[in-house]
Amino acid sequence: MACLRFALGAVLCAALLAACSGSGESESLAADPDAVALPALETASPGPTAATELPTPKPTDAAEVGANELGEIPVLMYHRLLPDGGGEYDRTPDEFRAELQQLYDEGYRPVRTIDLVRGELDVAAGMTPVVLTFDDSTREQFAYAEDASIQPDTAVGILLAFAEAHPDFPAVGSFYVNTEPFGGGPDSAALLADIHELGFELGNHTAGHVNMGQSDADTVRRELAAGVEVITDAVPDAEVRTMALPLGVWSEPRDLVYSGSWEGTEYVNEGILLVGSDPAPSPFHAEFDPHAIPRIRTAPIPTGEPDYGSGFWLDILARNPDRRYRSDGNPSWVSFPSALSDQLDEAFADRANPY
């Protein structure tokens, strides 16, 4: 297996126990709310579904921990980590470390995009899930040093080190890759295999980072199918079920992105990430749409007008704790204050635990 080419050492082992693209360009959510929706090309998951069996007892301490599993969840969007901070969508390695520490101190615990989409949010009681997403599969996100160790200032290197120092904050994230991921060249396949073995999610960002709003239907299908092949050629057992819209731009019609095929390669996107500026609804909330998940651009609190980046929203959620998703510690049930009962998606009525 390609991943065995590298001596990951103790950091890899710790990550396996803890945990189960090069563009700094400005992205914007350019979606047409009046776009015509045609029938889906294939059946795609509508999101989380109600459990058929609930083998674990209903939580009895939901009120004590302030559980609100109908609250909001931040989905953070990262690009490059550069020594000088790069552009508007980039951070320095130290800024990334500081944001991880803030998330930890404020009671957030990482999950993957697919976990959010499927409502499989297994975090400790009282904690809030956070989704860490990384676009464009740049070298600054994952690379090896000459001695075959993971570069410590890459996103993966920082996540692994942070998880080693904070065992209850696993190295978990979702990476949205383009062709020639993580620097390209002959090592791309091995890097994809290694990051998959470390437990990170690999998602579709199209092979060529195309503007789908300026592409015909065949180009959209070809790019999404090729995006799957970039991953599965290197990692045959990878489940590619979520994608991030390049530039935040939709195809026309939108459901070309949901599912389809090109020359025998199928793609099915259960979850689709936007480039919005708000926290995401809970997957159990009636307003959750797995095909339109907003993300928050990572950014510190500005000195002037609010920029609606991560610093802004983490501050809002800290000052308004009732807005946050808080876990009851039992992923089989959905606990929330009874006053919020009308916000529950009816699909989860048999899992509801109002108090």
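The values are calculated or read from the model by the stated rules, or taken from the named source; none is laboratory data. For clarity, every value in this text was computed on a predicted model and none was experimentally measured. Here the Cβ is made from the backbone with ideal geometry for all residues, glycine too, and neighbour counts use every protein chain on show. To get the accessible areas, we keep the full protein, side chains included, count just its heavy atoms, and leave off ligands, DNA and RNA. Shrake-Rupley method; radii C 1.70, N 1.55, O 1.52, S 1.80 Å.
P(r) tail for segment 155-290, what percent of Cα pairs lie past 24 Å?
Values: 3244 of 9180 pairs.
When every Cα pair of segment 155-290 is considered, 35 percent fall beyond 24 Å.
Taking only protein heavy atoms into account and a 1.4 Å probe, give the accessible area per residue of segment 134-204 in Å².
Numbers: 2210 Å² over 71 residues.
Result: 31 Å² of accessible area for each residue.
Packing around the peptides 57-64, 347-354, taken as the average count of other Cβ atoms within 10 Å per residue, puts them in this order, highest first: 347-354, 57-64. Put simply, the amide H of Leu202, placed in the peptide plane, has neighbours under 5 Å in Phe175, leaving out anything fewer than 5 places away on its chain. Each residue of segment 160-165 was assigned a 3J(HN,Hα) from its phi angle through the Karplus expression (A = 6.51, B = -1.76, C = 1.60, θ = phi - 60°), giving 5, 5, 5, 5, 5, 7 Hz with x at Gly and Pro. Note on exposure: Arg297, Arg324, Arg241, Arg139 ranked by accessible area (1.4 Å probe, complete protein assembly) read Arg139, Arg241, Arg297, Arg324, with the most exposed listed first.
Under the definition of Cα pairs under 8 Å and six or more residues apart, what whole-number percent is the relative contact order of segment 46-173?
Details: 168 pairs, mean separation 34.3, N = 128.
It rounds to 27 percent for segment 46-173.
Of the beta bridges in segment 68-195, as assigned by DSSP with both residues counted there, near 10 percent are antiparallel.
Considering only C-alpha atoms, what is the centroid distance from segment 93-136 to segment 243-258, in Å? Cα centroid to Cα centroid, the span is 24 Å. The 3J(HN,Hα) values that the Karplus relation (6.51, -1.76, 1.60; θ = phi - 60°) gives for segment 115-127 are, in residue order, 5, 4, 4, 8, x, 9, 9, 9, 10, 5, 4, x, 8 Hz. Gly and Pro appear as x. Kirkwood Rh over alpha-carbon pairs of segment 80-192, then Stokes-Einstein at 25 °C and 0.890 mPa s: what D in µm² s⁻¹, rounded to an integer? Here the translational diffusion coefficient equals 165 µm²/s. The apolar share of the surface of segment 88-157, taken as the fraction of accessible area on carbon and sulfur atoms (1.4 Å probe, ligands and nucleic acids excluded), comes to 43 percent.
Whenever you get a sec, compute what percent of the accessible area on segment 295-355 sits on carbon and sulfur atoms (1.4 Å probe). The C+S portion of the solvent-accessible surface of segment 295-355 is 52 percent.
Over segment 182-229, what portion of Cα pair distances is larger than 11 Å, expressed as a whole percent? Before the final figure, lay out the partial values.
Values: 798 of 1128 pairs.
Cα-Cα pairs in segment 182-229 separated by more than 11 Å: 71 percent.
Computed over segment 246-355, the convex hull of the alpha-carbon atoms projects to a mean area of 10.1 nm².
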